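Data first, discussion second: the structure below is written as structure tokens.
Only the coordinates and a few stated rules stand behind these numbers; no lab work does. All of these numbers come straight from a predicted model, not from anything done at the bench. Here the Cβ is made from the backbone with ideal geometry for all residues, glycine too, and neighbour counts use every protein chain on show.
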Amino acid sequence: MEYVQPPAGTLTTSLAALAVGVQPATVRDWVRRGILTRCGGSPRRPVFRVEDVQAARAAAKPTRPGQRPVKVA
């Protein structure tokens, strides 16, 4: 089931990615790494709190040698 409009104060994976300027795969990676947690939805259609998505974008990410720096808008 795709949301026509997610519950107030929440974002789907696609909307979360659009809101912070990353790809949806990045949002899914944040979930896998424990940087971002789901607040509801279903396993295939998770929703995230707006505040959590913004905090995940600002969170310090581990870097590897030679990795390009992340530009924060």
Quiz item: If you scan region 13-26, which residues turn out to be farther than 16 Å from Ala59 by Cα and buried (at least 17 other Cβ atoms within 10 Å of the Cβ)?
Solution: Thr13, Leu15
Quiz item: What is the one condition in (1) of a type in the set (Val, Ile, Thr); (2) farther than 15 Å from Arg57 by Cα; (3) surrounded by 17 or more Cβ atoms within 10 Å (Cβ to Cβ) that Val4 does not satisfy?
Solution: (3)
Self-check item: Pick from region 27-54, criterion buried (at least 17 other Cβ atoms within 10 Å of the Cβ) and not hydrophobic (A, V, I, L, M, F, W, C), ranking: farthest from Val4 (Cα to Cα)
Solution: Asp52
Quiz item: Of all the residues that make up region 19-59, how many are part of a loop (DSSP other than H, G, I, E, B) and either in contact (Cβ under 8 Å) with a residue 40 or more places away in the chain or touching a Gly at 6+ places or on another chain (Cβ under 6 Å) (or both)?
Solution: 3
